[in-house]
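Below is one structure, written out as structure tokens, with a few remarks after it.
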Amino acid sequence: MSAQPQAGSKAPEFSAQAIGGEYTSPATVKLADLRGGAVVLYFYPKDDTPGCTRQACALRDAWSEISSKAKVFGVSVDSIKSHARFIKKHDLPFPILSDEDHKIVEAYGVWVEKSLYGKTYMGTERTTFIIGPDGRIKAVLPKVKPDEHLKQVLELL
């Protein structure tokens, strides 16, 4: 597990399959290709779970405001198929990156040990990184709460 990159540091590069938004079929997205504009990279634990759904739907509901300020990408370790179902079910307007091999969650330091009902397991910590046009991290929202996420992102953009 790597340490989370902090504000001011260069955002870890990635290349991953995306679906949703402008990607009507799975396509490879590289962070390097997104330079020149702000990017919101939000990591969440699992498609179609209550908190993750509230977080995604809040972004959807404020899409006209947020999309004019940044490109938004959700990231989870779920498959492209799972993401496609999640996007369709909730009419999400932004793409989601599939990180089944855990390369992105590990590079961003959000693949962590979690605990539930006395059991420990590895999972994704709900964290958002706002990346500036220069590829540097402008802000980090660690352990963000789903219902506060949108407001915090908009304030930082």
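Quick notes
- Simple point charges give the picture: +1 on the Cβ of Lys and Arg, -1 on the Cβ of Asp and Glu, and for segment 23-157 a dipole about the Cα centre of about 80 debye.
- Residues of the chain were split at every exposed loop site, defined as GluC sites (Glu not before Pro) in a DSSP loop with at most 16 other C-beta atoms within 10 angstrom, and the longest piece left, sites excluded, is 23-99.
- Ascending count of other beta-carbon atoms within 10 Å, so fewest first, for C57, C52: C57, C52
- Modelled label positions at M122 and K30, each set 7 Å beyond Cα in the direction of Cβ, lie 2.7 nm from each other.
- Positive-pole candidate from F14, H90, I104, dipole of the chain, charges at beta carbon: H90
- Peptides 131-137, 29-35, 90-96 ranked from most to least packed by the mean count of surrounding Cβ atoms within 10 Å: 90-96, 131-137, 29-35.
- Over the chain: helical MRE at 222 nm, DSSP H runs n ≥ 4 each giving -39500 (n - 2.57), nearest 500: -7500 deg cm²/dmol
- DSSP bridge orientation in segment 8-140 - percent antiparallel, rounded to nearest 5: 75 percent
- Contact order normalised by residue count of segment 4-111, Cα under 8 Å, 6+ apart, percent: 35 percent
- Note on segment 33-52 and segment 86-109: Cα centroid distance 6 Å, given to the nearest whole angstrom.
Each reported figure results from applying straightforward, stated rules to the coordinates on display, with no laboratory input. Because the structure is predicted, anything quoted here is derived from the model rather than measured. Heads up, the Cβs are rebuilt from the backbone with ideal geometry, glycines too, and the neighbour counts pull from every protein chain shown.
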